[in-house]
Structure formats: structure tokens, C-alpha cells
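The structure under discussion appears below in the form of C-alpha cells.
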Amino acid sequence: MDKNRIKGKLEGSELSFFYDILYQYENEADHKGYNYYALDKDFRQKIELSYKQKNIVKHNRKNTICYTGNTKISDLIRHIRNSFSHGNILSDTHQFTFYDEYGGKCTMYGKMDKPLFFRLIKELNKTRK
């Protein structure tokens, strides 16, 4: 991604939702305990979470987030937190586009319909032990 990083304008309830993710992440001692497979199978088939990726590239695959890391969910939450903290979320009418980088290298890129994203985070939080 070039120096003109993704910038998005989050407003109202979206801003509050991402702030809650940031607040939860910053105040947790441990970011484990999520159970992706406890989510409804039909729901899981609507999204693709592709982790353990070496080279992240910009893509146009709908409802797909690709990212580095060894854990499916705790690394996803970390990348979403980073994306929000660094202002690298684009919000349009129907979807979010996420971007995270470390050391100038893209470590997460994805697009997801807003209702699916909100549901994903809420449902994951319900599975946390």
C-alpha cells in the first residue's frame, strides 16, 4: 500500500463500536479464549478469515480478511484494533475496508459487509471464556 494509506470516516455508532474493541483489547491481560467454531456454521460460511499469511495483498474479495499471525481470532482482533488505532479503516455505505501494517509491510487487508462484521465481533465476544 502506498503512503496514501486508507483513511475512513467512522461516525456515531460505528465509532463507538470500534472504540469498544480498542478499549477491550487494551484492558485485557490475555487476548485468547475466543471460539470461532462455536459460531453458527452457516454464518462462518459467509466470511473468510485467512490467517498465517506471509504476503498480504490488496484484494477485492468480499467478506474476506487476510492477515499475519498464528491464531485465527486473537490476531484478527489485534489487527482490527491496530487498523482503528492508526486510522486505517475505510467506511462506505455497505462495507468496511481494513488495513494494518508493521514496519512498512502490510500485515492485514480485508473487506467485510458492515452487518456481518458487527455480528462477527459480537458473536465472538459471546464465545470468550
For this session: State to the nearest 20 debye the size of the charge dipole of region 10-129 about its Cα centre, where the only charges are +1 on K and R beta carbons and -1 on D and E beta carbons.
Result: 540
Problem set entry | Over 24 Å (Cα to Cα) - which of Lys54/Lys126; Lys32/Lys122; Lys32/Lys126; Lys54/Lys114 fall in this group | Lys54/Lys126; Lys54/Lys114
Exercise. Which whole-number percentage describes the relative contact order of the chain, with Cα contacts under 8 Å and a sequence gap of 6 or more?
Worked result: 31
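Most exposed first by the Cβ proxy, i.e. fewest other Cβ within 10 Å, how do Glu123, Glu11, Glu28 rank?
Exposure proxy ranking, most exposed first: Glu11, Glu28, Glu123.
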Exercise. Put +1 on the Cβ of every Lys and Arg and -1 on every Asp and Glu Cβ in the chain; which of Leu22, Thr71, Gln95 then has its Cα farthest towards the positive end of the dipole?
Worked result: Thr71
Problem set entry | Gain in span if fully extended, Glu11 to Thr127, counting 0.36 nm per residue against the direct Cα distance | 39.0 nm
Problem set entry | Computed over the chain, Cα set: Rg, Dmax in Å | 13.7, 39
Exercise. Among Gln24, Gln45, Gln53, which one shows the biggest mean-square fluctuation in a GNM of the chain, springs joining Cα atoms closer than 10 Å?
Worked result: Gln45
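Could you give the length gained on full extension between His94 and Asp20, defined as 0.36 nm per residue of separation minus the Cα-Cα distance, in nm?
24.6 nm
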Exercise. Which residue, chosen from Ser83, Leu116, Cys106, occupies the Cα position most advanced towards the positive end of the dipole of the chain, where the dipole is computed from +1 (Lys, Arg) and -1 (Asp, Glu) charges on Cβ about the Cα centre?
Worked result: Cys106
Problem set entry | Within the chain, helix-based [θ] at 222 nm, where runs of 4 or more DSSP H residues each add -39,500 (n - 2.57), nearest 500 | -11000 deg cm²/dmol
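Read-outs throughout are calculated quantities, based only on the coordinates presented, and are distinct from any laboratory measurement. Just so it is clear, the model here is predicted, and its values are computed rather than measured. For neighbour counting, all protein chains shown are included, and Cβ atoms are generated from backbone atoms with ideal geometry for every residue, glycine included.
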